[in-house]
Amino acid sequence: MRRNQGGIGVAPQGSYQAGAEEAALVARLRAGDQAAFRQLVRARHGRLLRLAGAFCRSRASAEEVVQETWLAVITGLHGFSGEAPLAAWINGILVNKAKTRAVRDGRMVNFSDLAREEGEGDAFEPERFLPDGHWAEQHRPWDALTPEREAGDRELLAGVGEALEKLPPAQRAVVLLRDVEGLDSAAICATLGISEANLRVLLHRARTKLRDAADRLVRG
Amino acid sequence: MLTCHQVAEEATEYMEGTAPPPRRLGVWAHLRLCPNCREYLRQLGRTIGLARQALAPPPPAEVEDQLAAIFATQGRPGAAE
Ligand SMILES: [Zn+2]
């Protein structure tokens, strides 16, 4: 997600100002520009589906939630204030739709229970460490991960996406909201109904697994 | 002195700045002396960057076309170009 190309940096909520690229996209969308809308759908659809998947128990209901989200985006574009990034606004709609739907279907994922389950046991396999607490293996530097690969190696970045989808649901929800979409901790805790302690445990476990997956991917 | 295992368990709290100062200091002191943990934390940090860039499969063409059709009828302010 690129935003704030104007050198302001990622502003906290309330003082967000869209970069030129995003402002232009929003203007085109409001003018009914088909190409701009298709560009937005291509950029966001898969990520929305991934995020919905953390809230919904079936692929079909995640797809319906994403569809409902796009309809709300289309009808709501003219009311979009620009006080938050477009992606964050769309994500907010999606999360609300996903929660509403889960409650209506009586299948609301209880993230607090999941957090407890997913936080049980050790975050690391015991064989990762020697009995004295040292790592069993040396971590070899990710020299193969050049900035170019980090930004544009589609196979690598798709592999990271697959690793995200393999995480248990509460870990997936937390890492998607925090590391992928950039929400702050308080907003995530409120959204998922979990404590800050839950959040930290889930984030730790998710990142630990993703780092191991990335280590394999980076080395090919 | 913390062990590597303890540092690995503290890594997220350390990176997020949520660890209480004494624990923070313990991790910091370990990292000064342990290149293996330094590398591990560096990789954890880069993993966040990779997660942000992670690709998701693009929508099927029929889904994109269907949404574009809805946008064409409802996404316009009324004025033709
Ligand atoms: Zn160490």
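The values are calculated or read from the model by the stated rules, or taken from the named source; none is laboratory data. Predicted, not measured: the structure shown is a model, and the values here were computed from it. Cβ atoms come from the backbone with ideal geometry, glycine included; neighbour counts cover every protein chain shown. The protein model used for the area step is the full one, side chains on, heavy atoms only, and it has no ligands, DNA or RNA in it. Shrake-Rupley method; radii C 1.70, N 1.55, O 1.52, S 1.80 Å.
Miscellaneous remarks
- Each part gets one Cα centre, and for the range A:178-216 versus the range A:80-115 those centres are 16 Å apart.
- Protection proxy ranking of A:89-95, A:18-24, by the mean of other Cβ atoms within 10 Å over each peptide's residues and highest first, is A:89-95, A:18-24.
- Gaussian network model of chain A, Cα within-10 Å springs - most flexible of A:Arg178, A:Arg128, A:Arg200: A:Arg128
- Within straight-line cross-link reach of A:Lys209, lysines at Cα separation under 19 Å, skipping those fewer than 8 residues along the same chain: A:Lys166
- Highest-MSF residue in chain A out of A:Gly119, A:Gly46, A:Gly106 [GNM, Cα springs under 10 Å]: A:Gly106
- Axis of helix B:35-53 versus longest Cα principal axis of chain B: the two differ by about 10°, to the nearest ten degrees.
- Average silhouette area of the range A:15-90, convex hull of alpha-carbon atoms, in square nanometres: 5.2
- Note on the protein assembly as shown: semi-axes of the ellipsoid equivalent to its C-alpha gyration tensor, largest first and rounded to whole Å, are 37, 21, 18.
- Amide H partners (placed H, <5 Å) of A:Phe129, local residues excluded: A:Ala136
- For the range B:2-13, Karplus couplings with θ = phi - 60° (6.51, -1.76, 1.60), whole Hz, Gly/Pro x: 5, 8, 4, 4, 5, 5, 4, 5, 8, 4, 5, 4
- Descending by average beta-carbon neighbour count within 10 Å, the peptides B:4-14, B:37-47, A:166-176 line up as A:166-176, B:4-14, B:37-47, the highest first.
- In sequence order, the range A:146-152 has phi-based couplings of 7, x, 5, 5, 4, 8, x Hz under the Karplus curve 6.51 cos²θ - 1.76 cosθ + 1.60, θ = phi - 60°, and Gly or Pro positions carry x.
- Additional length obtainable on full extension of the chain from A:Ala60 to A:Arg38, 0.36 nm per residue less Cα span: 5.7 nm
- Solvent-accessible area per residue for chain B (1.4 angstrom probe, square angstrom): 53
- The range A:81-220: translational diffusion in µm²/s, Stokes-Einstein, Kirkwood Rh over Cα pairs, 4 °C, 1.567 mPa s: 76
- Computed from phi, the 3J(HN,Hα) profile of the range A:124-130 under the Karplus parametrisation 6.51, -1.76, 1.60 (θ = phi - 60°) reads 10, 4, x, 6, 5, 10, 6 Hz, with x in place of Gly and Pro.
- Semi-axes of the equivalent ellipsoid for the range B:4-73, Cα gyration tensor, largest first, Å: 45, 13, 7
- Label-point separation, A:Ala27 to B:Met1 (7 Å along Cα→Cβ), nm: 6.1
- Across peptide B:59-66, the mean count of Cβ atoms from other chains lying within 10 Å of each residue's own Cβ comes to 3.
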